[in-house]
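Heads up: the structure comes next, in structure tokens.
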Amino acid sequence: MATNTLDDSDGDDYEETESALETALRQLSEAAAQIDVDDGVIERLKHPTRVVEVGVPLKRDDGSVEVFTGYRAQHDDVRGPYKGGLRYHPEVTAEECTGLSMWMTWKCAVMDLPFGGAKGGIVVNPKELSTGEKERLTRRFAEEIRETIGPKKDIPAPDMGTDAQTMAWFMDAYSMQEGETTPGVVTGKPPVIGGSEGREEAPGRSVAIIAREALRYYDKTVDESTVAVQGFGSVGANAARLLDDWGANVVAVSDVNGAAYDTNGLDTHAIPSHEEQPEAVMQYDAPNTLTNEELLELDVDVLVPAALGNVLTADNADDVQADIVVEGANGPTTSAADAILDERDVPVIPDILANAGGVTVSYFEWLQDINRRQWSLERVNDELESMMLSAWGDVRAEVEAGDMSWRDAAYAVALGRVGDAKTSRGLWP
Ligand code: GLU
């Protein structure tokens, strides 16, 4: 993530690119100014409980040894165990994990899940590791952070660069060392070892549900809408396909190489997702192609940035033609872009609500693991739908009552819940 100096003196003057932590802190301050939460609580929430850094040695396939750096940032656990993903990416930093862990606290609170927020990862490019190397690195990382995590303490999950297989290795390493099979230590596992049906599609499903509700709120219908999706990984592809199934015209989808574009609507099921075949979007026979930058500026009803953080910036926010932005990725909109889009009356439905289906089905998975009882896909999707609608209703009520942006309203709901829990438990000693 790019670095910068934020000048908070007047609240406006800040450089464009900012780290996830800077964005998260700015969003917290802005939301805190709009609602009635104790200053001491806000002060506590500006700081994580702990950020653990570990060295993770790996014997490479050629016999050489390399040591990677791993992190686990635990932001807050006042409402329940820390919860959040593990990211394998060359740009992972302690600061980024901390910012992302804060978002997890709000995401769990806005969904009213009994979890707090965490995030971790390893500074590594997973594309440069063989499968065997990835397995050894994951097992050793699990061992290095074993004391920090646990099914009642802190429950990791997949994030960028990790998947169900990574979680299976992680769960196995933890279980072997603890001497008992402990499926509840991570979520996002394959169903055969205690994973939940529907977990993989869940973040994309929640993005689609929230896009549908947002369209309704602004007096549009899904089947008369056009949609552009940046990123065709698990979030973007599942969101695009569901909206397509519900009748939307998905005109553009992209991966790292660029976008397939068809004003008549793409067949989203015919384009392989990143999981099905990496970087295959541009091989699809679309009538037109676009760059990722052009996709963000399409005149569509709904724009879903579902790839990376910081893609909507002060440089392009003025050029966004979409009527509604629904955040699929974590942190795709910088603070400066948020301000510009707000000024231009382009609603931005925030990540902590829109992509929260992932952690919500993680919660279902954890319940299934604890109870040793698997739910059907139908039950998972029904309960996800009702929890998304309930969170949407809570946030919408704040929007309407406080004349707030959707992001501030989601923060108001989350901060209200976390703040009440902190006040009720008090500060010890
Ligand atoms: N990494 C996902 C997120 O950012 C899921 C976290 C989880 O399931 O714990 O929401």
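Each value in this text was obtained by applying a stated rule to the coordinates, not by laboratory testing. Just so it is clear, the structure is predicted and the values come from calculations on it, not from any experiment. Heads up, the Cβs are rebuilt from the backbone with ideal geometry, glycines too, and the neighbour counts pull from every protein chain shown.
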Checklist line | Local net charge near residue 301, Cβ-Cβ under 14 Å (Lys/Arg +1, Asp/Glu -1) | finding: -4
Checklist line | Rough spin-label spacing in nm, given labels placed 7 Å along Cα→Cβ, for residue 425 and residue 263 | finding: 5.6 nm
Note to self: Could you give me D for segment 109-241, from Stokes-Einstein at 37 °C and 0.692 mPa s, where the hydrodynamic radius is the Kirkwood radius over C-alpha pairs? Units µm² s⁻¹, please.
What the structure shows: 195 µm²/s
Check: List the GluC sites (Glu not before Pro) in segment 275-329 that DSSP assigns to loop (not H, G, I, E or B) and whose Cβ has at most 10 other Cβ atoms within 10 Å. Which are they?
Finding: 276
Next item on the list: Enumerate by residue number the trypsin sites (Lys or Arg not before Pro) in segment 97-193 meeting two conditions: DSSP loop (anything except H, G, I, E, B), and at most 12 other Cβ atoms within 10 Å of the site's Cβ.
Entry: 152
Next item on the list: In debye, nearest 20, what is the charge dipole magnitude of segment 32-90 about its Cα centre with +1 on Lys and Arg Cβ and -1 on Asp and Glu Cβ, if you could check?
Entry: 220 debye
Check: Given springs between every Cα pair under 10 Å in a Gaussian network model of the chain, which of 215, 377, 295 has the largest fluctuation?
Finding: 377
Notebook entry, point to check: What ³J(HN,Hα) values, in whole Hz, does the Karplus curve 6.51 cos²θ - 1.76 cosθ + 1.60 give for segment 240-248 when θ = phi - 60°, with x put for Gly and Pro?
Noted result: 4, 5, 5, 4, 4, 4, 7, x, 6
Notebook entry, point to check: About its Cα centre, what dipole magnitude does segment 70-177 give when the only charges are +1 on Lys and Arg Cβ and -1 on Asp and Glu Cβ, stated in debye to the nearest 20?
Noted result: 200 debye
Check: Between 97, 121, 110, whose Cα lies farthest towards the positive end of the dipole of segment 90-204 when Lys and Arg beta carbons carry +1 and Asp and Glu beta carbons carry -1, centred on the Cα centre?
Finding: 110
Margin query: Tell me whether segment 233-364 comes out rounded, prolate or oblate; compute the Cα gyration tensor, take square roots of the eigenvalues as a ≥ b ≥ c, and use a/c under 1.5 as the rounded threshold.
Written below: oblate
Checklist line | Charged-residue dipole, Cβ positions (Lys, Arg, Asp, Glu), segment 137-248 about Cα centre, Debye nearest 20 | finding: 100 debye
Note to self: Using square roots of five times the C-alpha gyration tensor eigenvalues, list the equivalent-ellipsoid semi-axes of the chain in whole Å, biggest first.
What the structure shows: 30, 27, 22
Next item on the list: Towards the positive end of the charge dipole of the chain, with charges on Cβ (+1 Lys, Arg; -1 Asp, Glu), say which of 359, 81, 390 has the farthest Cα.
Entry: 81
Next item on the list: List, in order, the whole-Hz ³J(HN,Hα) value for each residue of segment 355-369 obtained from phi through the Karplus relation with A = 6.51, B = -1.76, C = 1.60 and θ = phi - 60°; use x for Gly and Pro.
Entry: 9, 6, x, x, 6, 5, 6, 4, 4, 4, 4, 4, 4, 5, 5
Notebook entry, point to check: In whole Hz, what ³J(HN,Hα) sequence does segment 398-403 give by Karplus (6.51, -1.76, 1.60; θ = phi - 60°), x for Gly and Pro?
Noted result: 5, 4, 6, 6, x, 6
Notebook entry, point to check: What are the GluC sites (Glu not before Pro) within segment 79-174 that DSSP puts in a loop, where the Cβ has at most 14 other Cβ atoms within 10 Å?
Noted result: 91, 147
